1. Restricting attention to region 106-120, and to residues there that are under 19 Å from VAL253 (Cα atoms) and small (Gly, Ala, Ser), which single residue is surrounded by the most Cβ atoms within 10 Å (Cβ to Cβ)?
2. Among the residues of region 79-106, which ones are within 22 Å of SER69 (Cα to Cα), touching a strand residue (DSSP E or B) at 6+ places or on another chain (Cβ under 7 Å) and assigned to a helix (DSSP H, G or I)?
3. Which is within 16 Å of the ligand (Cβ to nearest atom), part of a helix (DSSP H, G or I) and either without any contact (Cβ under 8 Å) to a residue 60 or more places away in the chain or not aromatic (Phe, Trp, Tyr) (or both), of LEU33, LEU26, LEU38?
4. Just checking, does region 49-59 include any residue being more than 12 Å from the ligand (Cβ to nearest atom) and over 20 Å from GLN140 (Cα atoms)?
5. If TYR71 meets every condition in (1) of a type in the set (Ser, Thr, Tyr); (2) out of contact with any strand residue (DSSP E or B) (no Cβ under 8 Å at 6 or more places or on another chain); (3) within 16 Å of the ligand (Cβ to nearest atom); (4) in a helix (DSSP H, G or I) apart from one, which number is that one?
6. Quick test of your reading of the structure: ARG238 fulfils all but one of (1) touching a Phe, Trp or Tyr at 6+ places or on another chain (Cβ under 6 Å); (2) over 19 Å from ASP150 (Cβ atoms); (3) crowded, with 16+ Cβ neighbours inside 10 Å. Name the failing condition by number.
7. For region 181-201, what are the residues that are away from the ligand (no atom under 12 Å from the Cβ), outside any loop (DSSP other than H, G, I, E, B) and in contact (Cβ under 8 Å) with a residue 60 or more places away in the chain?
8. Considering only region 135-147, state which residues are surrounded by fewer than 20 Cβ atoms within 10 Å (Cβ to Cβ) and either polar (S, T, N, Q) or in contact with a helix residue (DSSP H, G or I) (Cβ under 8 Å, 6 or more places away or on another chain) (or both).
Amino acid sequence: MEIIRTVSWMKEAARQARAENHIIGLVPTMGALHEGHLSILRRAKAECSRVFASIFVNPTQFGPNEDLSKYPRTFERDAAKLEEAGVHALFAPEPKEMYPAGFTTYVNVEGLGERQEGRSRPGHFRGVATVVLKLFEIVQPHFAFFGRKDAQQARILRRMAQDLNLDVELKICPIVREADGLALSSRNAFLNAAERRAATVLHSALQAACRELAADVHDALTLQSTVREVLAKEALARVDYVDVVDADSFEPVARIGARPAYILLAVFIGKTRLIDNVLIESSPDSGDLIWSL
Ligand code: AMP
């Protein structure tokens, strides 16, 4: 597997793959790779003939009080995992390669980028959209693969691709969880043993909401208070938000109806902020609600 450090070299490798008529897939990551990332890579490998992964801890998506310098960095291990997964090349630029002196152009996805994660982390989605647009321009993939764990991010990037007429199709992959339900995340590494046990409360709270859905409770306020009650029982958990939203607009909904919806959570466990969600859709066959944790 080739490790590529510069934009010009990455562009050249991607150009060559296009000239050879390959179907190109891109999997952007910030490294500290886990099974969630690897499941996305497997999907990309199954659907594309050339898979490029990127590892870039993007400084512009971290707020001034966030964990940029502490973000886990495990480059050697990551590269070995990518090689084993059959990735053709790894793009791993330094920040000054992506943001040279004088850099001033940013992408803002309005509305969608201002709610939930956007409200709690001002500037976060501006940084994400900017770096992902740059990656799309550098690699020009046919397909780009993201995880549903960051559901709002995926929606925003799809909006950006549509609004800016980008020739890339986004593929959103399911959430990969630990055996006890905790969604895999690079940030789980920050949890101590007691916090790690407490962190399962996000999944338990979403499961409680799913039990309500199974009992035909569709009212958003009722579902939200069920989720909040479960979270409140965990002393180490502090809720940032619990929202029931339309899966397209991320606007709050009063009731879960025929349109796809999410229940979105952001919860601090100690100092570590974790997010999770459940996607609720109506079955195309029966019209009954189905949910994916
Ligand atoms: P990150 O390295 O955290 O920026 O994540 C890179 C990609 O992996 C993003 O598209 C995430 O949504 C996705 N991802 C992270 N954790 C998971 C998970 N537990 N399951 C599925 N996808 C994930």
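Derivation of every value follows stated rules applied to the coordinates shown; laboratory data play no part. These figures come from a predicted structure and were not determined experimentally. Here Cβ is always computed from backbone atoms with ideal geometry, including for glycine, and neighbour counts include all displayed protein chains.
1. If we take residues in region 106-120 being under 19 Å from VAL253 (Cα atoms) and small (Gly, Ala, Ser), then GLY113 is surrounded by the most Cβ atoms within 10 Å (Cβ to Cβ).
2. Scanning region 79-106 gives a single hit, ALA79.
3. Working: LEU33 fails: part of a helix (DSSP H, G or I); LEU26 fails: part of a helix (DSSP H, G or I).
Answer to the selection: LEU38.
4. Taking region 49-59 as the starting set, the residues that turn out to be more than 12 Å from the ligand (Cβ to nearest atom) are 49-52, 59.
Next, only the ones that are over 20 Å from GLN140 (Cα atoms) stay: 59.
Scanning region 49-59 turns up at least one residue that is more than 12 Å from the ligand (Cβ to nearest atom) and over 20 Å from GLN140 (Cα atoms).
5. Every listed condition holds for TYR71 apart from (4).
6. (3)
7. Filtering region 181-201 down to residues away from the ligand (no atom under 12 Å from the Cβ) leaves 190-201.
Within this subset, residues satisfying the condition of being outside any loop (DSSP other than H, G, I, E, B) are 190, 193-198, 201.
Within region 181-201, PHE190, GLU195, ALA198, VAL201 meet the criteria.
8. If we filter region 135-147 for residues that are surrounded by fewer than 20 Cβ atoms within 10 Å (Cβ to Cβ), which is where we start, we get 137, 140, 142-143.
Selection gives GLN140, PHE143.
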